[in-house]
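Note sheet for the following structure.
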Amino acid sequence: MSLSLSTAEEQSPALARWLARSPTVMINLGNVFSWTEDHATAMAQAVADVLHERTDLQVLWKFRKAAVDTEGTIYGDEFASPVHPFLESGRVKMEQWLEVDPTSLLETGHIVASVHHGGAGCYHEALGTGVPQLVLPLWLDHYSFAQLVEDVGIGVWGCRETSPYWTAGCLRHALLTVLDRNESGIAMREKARQFGDLARRDPGQYVAAREIAKLAASGYGS
């Protein structure tokens, strides 16, 4: 079950306006993950390549640097040079923390791809809102969700051969696969949309509330 407590507009009018400008790719690898320089360099180049090719898109990237040593030293900003033009033009927005909760962002209808690490929360948030997924698994059950999106036909496992490490090339390929306008890309988006429609028909919080009410009415546990 995923739950948004308020709309994106209510949480951050400025971010909601920015999202409404163009179809948006959201990159959010969860609250625990910090970006190493290698990961960040590969993603920055891939994002730049995709935005050069797809001039209709923009990218919201949740980004926090990882320390390079036990003293907390962080690396410089050279990794971001490929996306500098897009940061300046406003087509890329990099935020250490998202002002709007991810479910509310996905519910806007402006997110066309959710790039995440394969956490259960990220998977179900995208599933429930009908958004195609690019999964970059990092550990344990993340790999199960990466395989699941491919089995179900609602996304791709990015950089499968090198996970949990990536190259700009495999990231670019994975992003373009999810965003592709060809027959397979259209089918993936349609399948994701169908799951979203199904979830919205009977949202998880209502299902949970009904079951709790049934248990309460039955006197279970008394």
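The values are calculated or read from the model by the stated rules, or taken from the named source; none is laboratory data. Computed from a predicted model, the values in this text were never measured in an experiment. For neighbour counting, all protein chains shown are included, and Cβ atoms are generated from backbone atoms with ideal geometry for every residue, glycine included.
If you go through region 90-125 and pick out every residue that is more than 17 Å from L15 (Cβ to Cβ) and either of a type in the set (V, I, T) or exposed (fewer than 13 other Cβ atoms within 10 Å of the Cβ) (or both), you end up with 2.
Tell me, yes or no, whether region 8-21 has at least one residue that is in contact (Cβ under 8 Å) with a residue 24 or more places away in the chain, in contact with an Asp or Glu (Cβ under 6 Å, 6 or more places away or on another chain) and farther than 22 Å from L106 by Cα. No, there is no match, as no residue in region 8-21 is in contact (Cβ under 8 Å) with a residue 24 or more places away in the chain, in contact with an Asp or Glu (Cβ under 6 Å, 6 or more places away or on another chain) and farther than 22 Å from L106 by Cα. When the test is whether a residue is in a loop (DSSP other than H, G, I, E, B), in contact with a His (Cβ under 6 Å, 6 or more places away or on another chain) and of a type outside the set (K, R), G72 does not pass it.
Considering only region 160-177, I want to know if a residue exists there that is assigned to a strand (DSSP E or B), within 24 Å of R54 (Cβ to Cβ) and either at pLDDT 95 or above or touching an Asp or Glu at 6+ places or on another chain (Cβ under 8 Å) (or both). There is no residue in region 160-177 that is assigned to a strand (DSSP E or B), within 24 Å of R54 (Cβ to Cβ) and either at pLDDT 95 or above or touching an Asp or Glu at 6+ places or on another chain (Cβ under 8 Å) (or both).
Candidates are the residues of region 129-146 that are surrounded by fewer than 22 Cβ atoms within 10 Å (Cβ to Cβ) and in contact with a Pro (Cβ under 9 Å, 6 or more places away or on another chain); the one that is modelled with the lowest pLDDT is W139. The residues of region 156-176 that are touching a residue at least 40 places away in the same chain (Cβ under 8 Å) and within 16 Å of the chain's Cα centre (by Cα), listed by number, are G158, L171, R172, A174, L175, L176. Considering only region 35-63, state which residues are surrounded by 15 or more Cβ atoms within 10 Å (Cβ to Cβ) and assigned to a loop (DSSP other than H, G, I, E, B). T36, R54, L57, F63 - these are the residues of region 35-63 that are surrounded by 15 or more Cβ atoms within 10 Å (Cβ to Cβ) and assigned to a loop (DSSP other than H, G, I, E, B). Of note, A14 does not satisfy the criterion of being outside any loop (DSSP other than H, G, I, E, B), within 22 Å of A174 (Cβ to Cβ) and modelled with pLDDT of 95 or more. Scanning region 188-209 for residues that are exposed (fewer than 13 other Cβ atoms within 10 Å of the Cβ) and modelled with pLDDT of 75 or more yields D197, L198, R200, R201.
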